[in-house]
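Written out below as structure tokens is the structure these notes cover.
The values are calculated or read from the model by the stated rules, or taken from the named source; none is laboratory data. Please read these numbers as outputs of a predicted model, since none were measured by experiment. A quick note on method: Cβ atoms are made from the backbone with ideal geometry, for glycine too, and the neighbour counts reach across all protein chains shown.
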Amino acid sequence: MAPGSRRCSRSYLPAAIGLQAARREFAGVVAPIPGERLTDTWYEDRERVDKLVAVEDESKEGIQAALAILAPVAASLATILLPEK
């Protein structure tokens, strides 16, 4: 394991959550929710903003890939560490 790599893995989730929060805040500034009724134009504008800053999909795919890779390893470790009856 490279020095500092453990620290990076621990900081990934908070960074991803912060990035998602910043994306929502940006969308709220660019296309704020109107006080009255939501219009079709607002939904279209909001969809364009969401596509512009679509970073949550990338992070979600990265987490899913990591879980898919680590699941067999975790299952193998569990079978090794559990005592036999």
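Some observations on this one:
- Selection of region 54-73 for residues being modelled with pLDDT of 80 or more and either exposed (fewer than 10 other Cβ atoms within 10 Å of the Cβ) or of a type in the set (D, E) (or both) yields A68, I69, P72, V73.
- Within region 13-39, residues that are farther than 16 Å from D50 by Cα reach partners that are at pLDDT 85 or above and not charged (D, E, K, R) with beta carbons closer than 9 Å, at six or more positions or on different chains, in the pairs P34/W42.
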